[in-house]
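S.K.: My questions all concern the structure below.
The values are calculated or read from the model by the stated rules, or taken from the named source; none is laboratory data. No experiment lies behind these values; they were computed from the predicted model shown. Please note: Cβ atoms are built from the backbone with ideal geometry, for glycine as well, and neighbour counts cover all protein chains shown. Please note that ligands, DNA and RNA were not included when accessible areas were found on the heavy atoms of the full protein model with its side chains. Shrake-Rupley method; radii C 1.70, N 1.55, O 1.52, S 1.80 Å.
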Amino acid sequence: MSSTANSAELQPDSRLRRLVACSGLLLCLAGAVVILLFPTDLWMRLATCALWVATCAREQWASRRGWAACRKLRFTGDGRIAILGADQVWRPARRESGSVLLGRVGWIRLRDHRGGVFGELLTGDGRASPDWRRLQVIWRHVGA
């Protein structure tokens, strides 16, 4: 039996990536405002705010780097995941904790072959997309 029959290939949506990037930026700004309102010394608030912004920037950078290297995702029936890069080569990836797949939406955290961790927001309809339906079956059987 062909392994393609037991795999699902999904292409990430650039609009969803922009949504994730914008929400990350807004949450970074909101966190900075909250930190600056803490009832502590000014130097402590500024240091904490700088650390918060640096952490958010690192996460944004890791996401953008991962997205740039991911054109498609392939999930196989035996639990393996592969990422199709910009150079049209499939490379292995690993699912990280924090991944969840629901009926029409999923948040998949991945570690790519370089060791970078990023998340992909995926959507689909099991009635319209055989790949989305296969992904849900694979997700249940492999043990998410």
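S.K.: When the helices in the chain are scored as -39500 (n - 2.57) per DSSP H run of 4 or longer and the sum is shared across all residues, what 222 nm value do you end up with, to the nearest 500 deg cm²/dmol?
M.R.: Values: 3 runs with 63 residues, N = 144.
That comes out to -15000 deg cm²/dmol.
S.K.: In debye, nearest 20: dipole of the chain around its Cα centre with unit charges on the Cβ of K, R (+) and D, E (-)?
M.R.: Dipole about the Cα centre, nearest 20: 260 debye.
S.K.: Rounded to the nearest 10 Å², what accessible area does residue 14 show when all protein chains are kept and the probe is 1.4 Å?
M.R.: 70
S.K.: With unit charges on the beta carbon (Lys/Arg positive, Asp/Glu negative), name the residue among 35, 46, 19 whose Cα is farthest towards the positive pole of the charge dipole of region 12-60.
M.R.: Farthest along the dipole direction, towards plus: 19.
S.K.: Using Cβ-Cβ distances only, list the Cys residues of the chain with no partner cysteine under 4.7 Å, sorted by number.
M.R.: That list is 22, 49, 70.
S.K.: Find which of 141, 105, 61 sits farthest along the positive direction of the dipole of the chain, computed with +1 on the beta-carbon of Lys and Arg, -1 on that of Asp and Glu, about the Cα centre.
M.R.: Checking the options against the dipole of the chain, the answer is 141.
S.K.: Going by accessible area, probe 1.4 Å, with all protein chains left in place, what is the ranking of 17, 71, largest first? Write out the running numbers ahead of the final one.
M.R.: Details: 17 40, 71 105 Å².
Accessible-area ranking of 17, 71, largest first: 71, 17.
S.K.: Scan (i) 41, 27, 26; (ii) 66, 31, 27; (iii) 50, 29, 26 for the value of Cα extents along the principal axes in Å calculated from this model and give just the label.
M.R.: (ii)
S.K.: Same structure again: Based on Cα coordinates alone, diagonalise the gyration tensor for region 1-84, multiply each eigenvalue by 5, take square roots, and list the semi-axes in whole Å, largest first.
M.R.: 40, 12, 10
S.K.: What are the semi-axes of the equivalent ellipsoid for region 64-144, taken as the square roots of 5 times the Cα gyration tensor eigenvalues, largest first, in whole Å? Don't jump to the answer; show the numbers that get you there.
M.R.: Details: eigenvalues 82, 35, 30 Å².
Semi-axes from the Cα gyration tensor: 20, 13, 12 Å.
S.K.: Right, here's the next one. Counting pairs of alpha carbon atoms under 8 Å apart in space and at least six apart in sequence, what relative contact order in percent does region 1-142 give? Present the calculation step by step, with values, prior to reporting the outcome.
M.R.: On the way: 203 pairs, mean separation 35.6, N = 142.
Relative contact order of region 1-142: 25 percent.
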